[in-house]
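The values are calculated or read from the model by the stated rules, or taken from the named source; none is laboratory data. The shown structure was predicted, so the numbers you read here are calculated from the model rather than taken from an experiment. Neighbour counts are summed over all protein chains in view; Cβ atoms, including those assigned to glycine, are modelled from backbone coordinates with ideal geometry.
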Amino acid sequence: MADKKFDGLSVLITGAAGGFGRSMAKKFVDQGANLVLSDHAEEGLEALATELREIGGDVVTMVQDVTVEETSKQLVDLAIDTFGRLDVAINNAGIGHRQVKTADVDSAEALATVQVDLMGVFYGMKYQIKVMEKAFAEHGRTSSIVNTSSLAGIVGAPRGSMYSAAKHGVVGLTKTAALEYARSGIRINAICPAFARTPMVEDDLLGGNADAKAEDFLVRGIPMRRMATADEVTQAMLWLCDPDNSFTTGQALAIDGGTSAM
Ligand SMILES: NC(=O)c1ccc[n+]([C@@H]2O[C@H](COP(=O)([O-])OP(=O)(O)OC[C@H]3O[C@@H](n4cnc5c(N)ncnc54)[C@H](O)[C@@H]3O)[C@@H](O)[C@H]2O)c1
């Protein structure tokens, strides 16, 4: 039987109840990880934890609002108290705002987007990095952080300006921290997906509209002319934090059906 890549490692995921979060959590359990999952959607989070336990996952959960800084510390403490270590952190919770041009973006919505999509990642990293640095200094243990940015974090996103601004911020934060901690055993990367079939896209962008035309419109700029599946994105997220992938840091990896190659 092939070795499990994350056997005995402790993996923290925010936004775990969403499309990417659920897909990742299942993959990590398959690969032997112990999971610390958070989301502010309590019902979805607990349903996921039950499913994962049924397939043998060792899982703890915390209802969290990533915009509240102390909850990021509490989540890291939960990982250490439960599993004694934190090897991988995926800062994945995110929201979009209403699809309107920049001058029409509601300022309260803009601020909320920055607070979740950028400040939430920053708060997470602050506390994750501290314990990861300590693990490296004391035990020579290496760790990895993956931040969920977006294709909108490397190119402009008409009608998504403040989402794009926050996601560009995530890329800047990722690259800078990767440089700062490159000799502290912590690899830090960002993933930049184009549209993927998750509740965020199906509910917010397609508005629950199953009409093929609505989807065709959304994917018209993607060379493959289709959305990604959640699994196509999350397999790349697992690759980024795979301990064997030990020389990859500071990258903003586009998973976008070729869009950013144009
Ligand atoms: N789906 C896509 O096409 C796509 C593309 C690029 C980037 N992304 C990014 O991927 C990440 C995951 O999105 P998804 O597509 O799985 O969407 P999703 O809506 O299914 O999942 C997002 C999760 O984040 C949680 N969340 C939102 N605000 C939170 C808060 N304040 N505190 C804690 N949890 C909170 C939600 O409850 C939800 O479970 C997001 O950062 C999103 O911006 C998604």
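For segment 203-220, check the following and say yes or no: at least one residue is within 16 Å of the ligand (Cβ to nearest atom), at pLDDT 95 or above and either of a type in the set (S, T, N, Q) or in a helix (DSSP H, G or I) (or both). The answer is no; no qualifying residue exists. Being touching a helix residue (DSSP H, G or I) at 6+ places or on another chain (Cβ under 7 Å), more than 15 Å from the ligand (Cβ to nearest atom), among the polar types (S, T, N, Q) and under 21 Å from residue 147 (Cβ atoms): is that true of residue 10 here? Criteria met by residue 10.
With 120, 94 as the choices, which residue is in contact with an Asp or Glu (Cβ under 7 Å, 6 or more places away or on another chain) and within 12 Å of the ligand (Cβ to nearest atom)? Being in contact with an Asp or Glu (Cβ under 7 Å, 6 or more places away or on another chain) and within 12 Å of the ligand (Cβ to nearest atom) holds for just one of 120, 94, which is 94. Residue count for segment 13-50 satisfying the condition of being within 16 Å of the ligand (Cβ to nearest atom) and not in a helix (DSSP H, G or I): 13.
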